[in-house]
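This report concerns only the one structure given below.
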Amino acid sequence: MQLGTEISEGYHTFSELYDHRIMLFLALMKAASDAGLECGWSRRHDDGELCFGGGWVIGWITTPAGLQARYHMEDSRPLPPSLERPLGSPWNGQEETLTALAELMGG
């Protein structure tokens, strides 16, 4: 079943919420970089393969609590050139959790 992108919770469409998610993660990446945390984005995984065969990027932040990574389409938003890396960060074997994000907020 395909739901489409115009499904809404009454105010935002799914497409708008996804765009917010991308922008918030990019803003968090910049703040994390400014704070001295390792972060970046790449068109390639750590093994050199293009993300999903091309057209996608992976962005990540390495926190003391673990790696936070997000995929999004390369042309969905401007990416900060200063954070571009030739390869993505190696996956640490953990599933993404809210713990690493909470760590960034000091909690």
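Below is a table of values for the structure above.
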quantity	calculated
Selected residue (only one of I7, I22, I58 is more than 18 Å from M105 (Cβ to Cβ), touching a residue at least 40 places away in the same chain (Cβ under 8 Å) and among the β-branched types (V, I, T))	I22
Criterion (surrounded by fewer than 13 Cβ atoms within 10 Å (Cβ to Cβ) and modelled with pLDDT of 90 or more) met by exactly one of G40, G36	G36
The lone exception for M105 - which of (1) without any contact (Cβ under 8 Å) to a residue 60 or more places away in the chain; (2) surrounded by 12 or more Cβ atoms within 10 Å (Cβ to Cβ); (3) among the hydrophobic types (A, V, I, L, M, F, W, C) it fails	(2)
Matching entry among P81, P64 (being under 29 Å from S15 (Cβ atoms), exposed (fewer than 11 other Cβ atoms within 10 Å of the Cβ) and without any contact (Cβ under 8 Å) to a residue 40 or more places away in the chain)	P81
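The values are calculated or read from the model by the stated rules, or taken from the named source; none is laboratory data. The model shown is predicted, which means the values in this text are computed figures rather than measured ones. Glycine also receives a Cβ, built like all others from the backbone with ideal geometry; neighbour counts cover every protein chain displayed.
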